[in-house]
1. Being part of a loop (DSSP other than H, G, I, E, B), at pLDDT 85 or above and of a type outside the set (A, V, I, L, M, F, W, C) narrows it down to one residue among Asn477, Asn459; which is it?
2. Please go through (1) closer than 30 Å to Ile361 by Cα; (2) at pLDDT 75 or above; (3) among the aliphatic types (A, V, I, L, M) for Leu295 and return the number of the only condition it doesn't satisfy.
3. Please enumerate the residues belonging to the stretch 502-518 that are out of contact with any Lys or Arg (no Cβ under 8 Å at 6 or more places or on another chain) and closer than 19 Å to Leu491 by Cα.
4. What tally of residues in the stretch 107-140 results from selecting those that are without any contact (Cβ under 8 Å) to a residue 40 or more places away in the chain and outside any helix (DSSP H, G or I)?
5. Considering only residues that are over 17 Å from Lys75 (Cα atoms) and buried (at least 20 other Cβ atoms within 10 Å of the Cβ), which ones fall in the stretch 111-136?
6. Would you check which residues across the stretch 36-64 are of a type in the set (A, V, I, L, M) and in contact with a Lys or Arg (Cβ under 7 Å, 6 or more places away or on another chain) and list them?
7. Across the stretch 397-439, which residue is nearest to Ile488 (Cα to Cα) among those that are of a type in the set (S, T, N, Q) and part of a strand (DSSP E or B)?
8. How many residues does the stretch 420-459 contain that are aliphatic (A, V, I, L, M), surrounded by 17 or more Cβ atoms within 10 Å (Cβ to Cβ) and out of contact with any helix residue (DSSP H, G or I) (no Cβ under 8 Å at 6 or more places or on another chain)?
Amino acid sequence: MKPFIISFFCFFLAFTSVNAQESKTLSANEKKSQAELFFKKQQFITARYYYLQAFYAYANRNDIQQAIECGLKAKDLYHKDHLYQMELQLCDKMNQQIYNAESRTEKDYSALHFKVLLNKMQIYMITKKKKSAEATLKTLKDISLKAQNKELNEELALNTIDYYYTFGNEKAGKTELEKMILQYKVNKEYEKANQKYEKIIAFAQKANNTTLISHTFQKYMVWKDSVNSWTHHEKMTQLNTKYQKSLNTIETKERSLTTKNIFIYGLLLIVAGLVIAFLFVGGLFFHKQRHYNQLKKDIDLTNKKLLYKNQFLNNFFNLLNPIIKSLKETTQHIGSDYNTEKDELNAKYDSMIAFTKDLQIYVELEQTLSEKYPLKDEKSNLFCEEIMTSISNDLDPNITTSVNAPKISIKMNKDKMNVVLTFLLKMAAKNTTEGYITLDFKKRSVHKYEILLSASGYNISLKKKETLFEAFSSTTNITEDEGLGFPICALMVNKMKGTITIDKNFKKGTRFVLTFSI
């Protein structure tokens, strides 16, 4: 492991040195172009390096606007790799460059300070540093108050709401949200309010703030209903006003009877149109209702069929098990001259008994699929190491094993997870005579993690991979195959709020991917 790290470090230094020598010969605009080119190729580390070089180059030639633009793009690439400390350091460097530019040119770059500090506050909120976020928010408010810029005020309001919800002050967050929307209500700028709600929801989704998303969405629905009511009332008032004016005009000018008849016919046409529209909507509603009723009947029928199937299988098990046991007992009376045939028969009977037990387990899991297993916190590294140790006796001496799991707590059902991983590891050990078997734990997000089980010598055909976790997808020899182990594992993982698949891009054997969303 150490030689690998040393080699990687030497390679990184050599790569950085070559890039540094190359970057010295490039202008600021060329460095920026290189960064954009590598970004399009999704070579993000190299793109970040050139954005940083462009940032320093622009700063050195006193082009602070371009410098901050490149600096923020480099910061975003740090953020992509969760390098929050590097982000904060880069934000401090950008602020210092802005101060230098202000001192050199005697110009006010409040808007640039605001952008950098806003990104800095978002990092503090992600890392749950409340005091730092609060201090940065205060500075942002001072800049916004001084600048008197509408766009800065709106950005500040959005991030203020996000700040309150991030640190659990929902009351203050609701107050800020209602205050923001109130000004649009007073000015009857309903469309702008709709856009603002949508912008807040999109902002909260980007920040992964579920509380803010939920509350804003509920408020948005209530707001839309209210706006529809207000708009309808205003339109009715306007129509009523127009109608009264028309009557006054008719009475004042004493229009002819022909004009009055035309007006009446027009009203009749409107009423007729409304009646036709009402009938159309009513017919559509009844059609949908009938479709819904039919769908409900089909679902009920399917559930009944499933229940009957499971009852049949249970009765079948109860009848079949005694027969198999009785047949096995009869083999005891076979003479010693037929020991080989006797052992073969016993093995087949044992396989049949094991298969019926698997079938019973599968049916029970299928019946209770909607009832999820209880979960509790477990240490991921200890659990993975215990599982790998438990199957050590089943491994070929030529197989190397490894466990890569961070020391964090995750929610799982330890007993059921133990059953699933033990089965998968034993199948991997059974089908791998040399190479490696690894167990990796990956935390993808706050509520999502993956367990990867890789076996270099375990080769499964492409056709079998497609239906490996489906029961009864093909006829197999139950005395030689793995029975219903894989479908049972799939159902157990489902009851732990997860899924199990095979990584089709893994070519050096087989990799099982267990994904859990808690």
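1. Numbers: Asn477 fails: at pLDDT 85 or above.
Unique residue meeting the criteria: Asn459.
2. (1)
3. Residues satisfying the conditions are Arg511, Phe512, Val513, Leu514.
4. Total meeting the criteria: 4.
5. From the stretch 111-136, those over 17 Å from Lys75 (Cα atoms) are 111, 128-136; that's our starting set.
Listed by number, the residues that qualify are Ala133, Thr136.
6. Here is the first cut: in the stretch 36-64, the residues of a type in the set (A, V, I, L, M) are 37, 45, 47, 52, 54, 57, 59, 64.
The answer is Ala54, Ala57.
7. Step one: list which residues in the stretch 397-439 are of a type in the set (S, T, N, Q), which gives 398, 400-402, 404, 409, 413, 418, 422, 431-433, 438.
Then keep just the ones that are part of a strand (DSSP E or B); that gives 400-402, 404, 409, 438.
On the way: Thr400: 28, Thr401: 25, Ser402: 26, Asn404: 26, Ser409: 26, Thr438: 22 Å.
Looking at residues that are of a type in the set (S, T, N, Q) and part of a strand (DSSP E or B), I get Thr438.
8. 2
The values are calculated or read from the model by the stated rules, or taken from the named source; none is laboratory data. None of the values given here were measured: they were computed from a predicted structure. No Cβ is skipped: glycine too gets one built from the backbone with ideal geometry, and neighbour counts run over all protein chains shown.
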